[in-house]
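**Q** Quick one: the structure is below, and I'll ask about it shortly.
None of the figures in this text is laboratory data; all of them are computed from the coordinates on show. Computed from a predicted model, the values in this text were never measured in an experiment. With ideal geometry, Cβ positions are generated from the backbone for all residues, glycine too; neighbour counts draw on all protein chains shown.
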Amino acid sequence: MAVLPMSRVNIFGLLKDRKKILEALQRLGVIDVKTFDTDDGFEKVETAVFQARFQKAKADAAQALEVLGRYSPEEKSLFSSLMGLERLSAPEYESHVSRRDEILGKASYIVGLEKEIADLKSEIINLSSNIDALSPWKGLGVSMRFSGTKKTAAFLGTFSENYDIDSLKTYFDECCEKKELVELKENVHFDIVSQSENQTCVMAVCIKELAAMCEEVLRYMGLVSPVVDVDGTPAEKITEFEERIKQAKKQLAENEEKIRESEESRDDLKFIVDYFDMRIEKYQVIERLGHSKRVFGLTGYLPKKDTKKLENALTATLDVAVEFADADGDDVPVALKNNGFAAPLEGVLETFSLPGRGEVDPTSAMAVFYYFLFGLMLSDAAYGFLMVLLCGFALWKFPKMKSGMKKSLKMYLYCGISTTFWGVMFGGYFGDAIQVVARTFFNKEVVIKPLWFSPMDEPMRMLVFSLFVGIIHIFAGLGMKLYSLVRTKQWKDAIYDVIFWYMLVGGAIVYLLSMQMFVDMTNLSFILPSAAGNAAAIVAVIGAIGIAITAGRSSKNPGKRLAKGLYELYGVTSYLSDILSYSRLLALGLATGVIANVFNKMGSMFGGGIFGAIAFTIVFVVGHTLNIGINLLGAYVHTNRLQFVEFFGKFYDGGGEKYEPFRADTAYFEIENN
């Protein structure tokens, strides 16, 4: 349970050695680089142009990888995410770097092929659309752009109704009469090119002198010009478009095959993504440095334990000046150090907030309660055993997995141990699956007694136990606050802000335990003597008076001080609500068991025999998979809630900045540090 002591470091080197020094620092991965103070003749260097160039190169390689993944998916095992990063030796790294231009060219080649494929697909869609539009005009013997001869005018178009030649001519004559253009009746010739239920394609021909009047009547009738305007007869254009589609599909298939043939470049592309990630990070660091004409300066923080390693690594081979300073007065980044039991919960703490300046790391104290509460909420021995088995196997089988994944699996491993323990205490093994199987398939009554008691049979007992756990958890939070105040020798604050609250809340609880009504209501098997209750009441009153007098001590006005103290005293109600919130331990524990029992009951409804066994197995597997998934999520969320609100709320503010050292943070390869 510790925040690593940090040192401030200043590094000065020749500008010509900057690349070597930064690469050495990136390999070491121990300095959290901060912005260098440029008031002493140093200047900043802008690297946005370089970063943009690297981002473009990385994006091209990443896009090429994505294209490869679509056309030639990488074969991955079910557990590939657990295998960790592939190791790359220093000579292999240098070999890849020397070929970076070649690899980038390959990336551009793959991306170009994909762009051609997209263009070809778009062309095929357009050509197919044109063929569909031309198909009704296939019988037309002239170009779709035909507008007539020297003495005639022609109009091509469609009507949205089905006409034969006679009905079309009749409708045209009626429209001519309405428009008072009777002379058109005998001077227009219609040809029906094709007709369907909802469309009639026609060509109308008239003498040129009547073209304007003819067009007016045809528009009035609803004639719509063809959507496709091509030069040549429709039949010729359809044949041409079909040939072009054939060629496009052939080219598309060739491009896809070329992409698949580029599969051997997958690892090279992964390397380039990692390589430019590292270069981007390095140039982001360069922007934080101070530069003069020949020298650059770097400042940052690192754990004190790494100072010698850093100094030896730099000064052994490079001409560089390294100086360390005490960082106690600075807002230093926070790095945590915990044992194997507590370290898996550092990520959970980080989701809330890292310790602020002067705060203790609560991870170890949180770990005890976290595993305890998680198991109490899930509380099924079989579920817990499965968690232990799966997490333990993954940790044993894949030792090179990423640190974050390893911590998560360790956390669930310990949660599984706790779940198994509470499952045995409460008698839950896939709910009541053993009893149901024995009764349904073997006609026997098997009784598995819990080692302690069954919450479903004695819910009030479980509720009282849950509230008791809550009291201990909350008091532990106050204990952490007491520890923090004593550690910094704030003796008065320790008495005013912790001891008085212990007296008030603890005294009130002891007093309740001496009351017959409270004992009967909670079904307790014991009652404290009235003398103990009276003494506890006196202690609680002293605590209340102490809080009322001292809680507003920051105010100089006596009236305001007392008012603020009374208001703080009213906060005792929040302790009641905090303790009651631990009833969720009962609710989630019962939910796990009840849902498990329901699925067991559903499976047994099919009776015994082979068919019943098959049906029971299906219902059992599906039902309990859903149950463990839902209740795992519920236990995780509510355990976090009890830690963040009820526990941290008593002593912890957080607000610390995460320690993020400058290092090779890669996605595909782990580069060996030579």
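**Q** What trypsin sites (Lys or Arg not before Pro) in the stretch 149-202 are in a loop by DSSP, with at most 15 other Cβ atoms within 10 Å of the Cβ? Intermediate values should be presented prior to the final figure.
**A** Values: sites: LYS150, LYS151, LYS169, LYS178, LYS179, LYS185; in loops: LYS150, LYS151, LYS179, LYS185.
Passing both the DSSP loop test and the Cβ count: LYS150, LYS151, LYS179, LYS185.
**Q** For TYR570 and LEU14, what is the calculated FRET efficiency with R₀ set at 56 Å and r taken between the beta-carbons, to the nearest 0.05?
**A** Values: r = 65 Å, r/R0 = 1.17.
After rounding to 0.05, the efficiency reads 0.30.
**Q** Between ALA563 and LEU626, how many nm apart are label points set 7 Å from Cα along the C-beta direction?
**A** 5.7
**Q** Among MET278, TYR502, GLY571, whose Cα projects farthest towards the positive end of the dipole of the chain, with charges put on the beta-carbon of Lys, Arg (+1) and Asp, Glu (-1)?
**A** The Cα lying farthest towards the positive end belongs to TYR502.
**Q** Note down the nm distance, to one decimal, between modelled labels 7 Å out along Cα→Cβ at ASP319 and at ASN162.
**A** Output for this residue pair reads 9.5 nm.
**Q** In whole angstrom, how far apart do the alpha carbon centroids of the stretch 507-578 and the stretch 422-438 sit?
**A** For the stretch 507-578 versus the stretch 422-438, the Cα centre distance is 42 Å.
**Q** Which shape class, rounded, prolate or oblate, goes with the stretch 41-95 when its Cα gyration tensor gives a ≥ b ≥ c as root eigenvalues, a/c under 1.5 marks rounded, and past that a/b bigger than b/c marks prolate?
**A** On the way: a/c = 2.79, a/b = 1.77, b/c = 1.57.
Note, shape of the stretch 41-95 comes out prolate.
**Q** Moving on to the next point. GluC sites (Glu not before Pro), restricted to the stretch 202-257: which are DSSP loop and have at most 12 other Cβ atoms within 10 Å?
**A** Details: sites: GLU209, GLU215, GLU216, GLU236, GLU240, GLU242, GLU243, GLU254, GLU256, GLU257; in loops: none.
In loop regions of the stretch 202-257 (DSSP not H, G, I, E or B), there are no sparsely surrounded GluC sites (Glu not before Pro).
**Q** Could you give the angle, 0 to 90 degrees to the nearest 10, between helix 234-261's Cα long axis and the longest principal axis of the Cα atoms of the chain?
**A** Roughly 30 degrees between the two axes.
**Q** While we're here: Residues with beta-carbon under 13 Å from that of ALA476, excluding ALA476: net charge, scoring Lys, Arg +1 and Asp, Glu -1?
**A** Values: positive: LYS481, LYS650; negative: ASP578, GLU646.
Neighbour charge sum, excluding ALA476 itself: 0.
**Q** I need to check one value: relative contact order of the chain, counting alpha carbon pairs closer than 8 Å and at least 6 residues apart, in percent. The partial results should precede the final answer.
**A** On the way: 993 pairs, mean separation 153.7, N = 674.
Value for the chain: 23 percent.
**Q** Rounded, prolate or oblate for the stretch 588-674? Axes are the square roots of the Cα gyration tensor eigenvalues, ordered a ≥ b ≥ c, and the cut-off for rounded is a/c under 1.5. Write out the running numbers ahead of the final one.
**A** Working: a/c = 7.69, a/b = 1.78, b/c = 4.32.
Oblate.
**Q** If pairing requires two Cys Cβ atoms under 4.7 Å apart, which cysteines of the chain are left without a partner?
**A** By the Cβ distance rule, which asks for a partner under 4.7 Å, the isolated cysteines are CYS175, CYS176, CYS201, CYS391, CYS415.
**Q** Here is a further query. Quick check: pseudo-label points 7 Å beyond the Cα along Cα→Cβ at SER292 and LYS449, how many nm apart are they?
**A** 8.4
**Q** How big is the charge dipole of the chain about its Cα centre, in debye rounded to the nearest 20, if each Lys and Arg gets +1 on its Cβ and each Asp and Glu gets -1 on its Cβ? If you can, show how the numbers build up before the last one.
**A** Values: 74 positive and 83 negative charges, 650 e Å.
So the dipole magnitude of the chain works out to roughly 3120 debye.
**Q** Another question, if that's okay. With an 8 Å cut-off on Cα pairs and a minimum separation of 6 or more residues, tell me the relative contact order of the stretch 145-225 in percent. Write out the running numbers ahead of the final one.
**A** Numbers: 121 pairs, mean separation 34.1, N = 81.
After rounding, I find 42 percent.
**Q** Can I ask one more? Evaluate E = 1/(1 + (r/R0)^6) for SER147 and GLU66, where r is the Cβ-Cβ distance and R0 equals 56 Å; express this FRET efficiency to the nearest 0.05.
**A** 0.65
**Q** Take the Cβ-Cβ distance between SER135 and LEU181 as r, set R0 to 41 Å, and report the resulting FRET efficiency rounded to the nearest 0.05.
**A** 0.75
**Q** Round to the nearest 10 and give me the degree value, 0 to 90, for the angle of helix 584-604's Cα axis relative to the longest principal axis of the chain.
**A** Compared with the principal axis, the helix lies near 60 degrees.
**Q** From the residues GLY427, TRP137, VAL228, which one has its Cα farthest along the dipole of the chain in the positive direction, the dipole being from +1 and -1 charges on Cβ of Lys/Arg and Asp/Glu about the Cα centre?
**A** Selected residue: GLY427.
**Q** Determine the equivalent ellipsoid of the stretch 145-225 by diagonalising the alpha-carbon gyration tensor, then write out the semi-axes as square roots of 5 times the eigenvalues, largest first, rounded to whole Å. Don't jump to the answer; show the numbers that get you there.
**A** Numbers: eigenvalues 70, 48, 20 Å².
Working from the Cα gyration tensor, I get semi-axes of 19, 15, 10 Å.
**Q** By average Cβ neighbour count within 10 Å, what is the ranking of 271-278, 355-362 from highest down? Walk me through the numbers on the way to the answer.
**A** Numbers: 271-278: 22.4, 355-362: 18.0.
Ranked from most to least packed, the peptides come out as 271-278, 355-362.
**Q** Packing-wise, with mean Cβ within 10 Å as the measure, how do 444-457, 505-518 rank, highest first? Can you show the working numbers first?
**A** Working: 444-457: 13.6, 505-518: 16.6.
For the peptides 444-457, 505-518, the packing ranking is 505-518, 444-457.
**Q** Roughly speaking, what is the stretch gain from THR170 to ASP267, that is 0.36 nm per residue apart minus the C-alpha to C-alpha distance, in nm to one decimal? Could you put the intermediate results ahead of the total?
**A** On the way: separation 97, 0.36 × 97 = 34.92 nm, distance 7.43 nm.
27.5 nm is the gain from fully extending THR170 to ASP267.
**Q** Just to be sure I follow: if Rg is taken over the C-alpha atoms of the chain and Rh is the Kirkwood radius over the same atoms, what is Rg/Rh? Don't skip to the end; give the middle numbers.
**A** On the way: Rg = 40.0 Å, Rh = 33.9 Å.
When Rh is taken as the Kirkwood radius, the ratio is 1.18.
**Q** Report, in whole Å, the centroid distance computed from the Cα atoms of the stretch 25-59 and the stretch 72-91.
**A** Measuring centre to centre over Cα atoms gives 30 Å.
**Q** Step by step: find N for the stretch 352-414, compute 2.2 N^0.38 Å, then divide the Cα radius of gyration by it. What's the final number? The partial results should precede the final answer.
**A** Numbers: Rg = 14.3 Å, N = 63, 2.2 N^0.38 = 10.6 Å.
Compactness ratio reported: 1.35.
**Q** Take the alpha carbon atoms of the stretch 243-258, find their center, do the same for the stretch 278-337, and report the distance between the two centers in whole angstrom.
**A** Cα centroid to Cα centroid, the span is 56 Å.
**Q** Cα axis of helix 609-641 to longest principal axis of the chain: angle in degrees, 0 to 90, nearest 10?
**A** Once rounded, the angle reads 70 degrees.
**Q** Rounded, prolate or oblate: which fits the stretch 518-674, taking a ≥ b ≥ c as square roots of the Cα gyration tensor eigenvalues, rounded meaning a/c under 1.5, else prolate when a/b beats b/c?
**A** Working: a/c = 4.00, a/b = 1.40, b/c = 2.86.
It is oblate, given that a/c is not under 1.5 and a/b is not larger than b/c.
**Q** Kindly provide the trypsin sites (Lys or Arg not before Pro) of the stretch 539-584 that DSSP labels as loop, not H, G, I, E or B, and whose Cβ sees at most 12 other Cβ atoms within 10 Å.
**A** For trypsin sites (Lys or Arg not before Pro) across the stretch 539-584 that sit outside H, G, I, E and B with at most 12 neighbouring Cβ atoms in 10 Å, the list reads LYS556.
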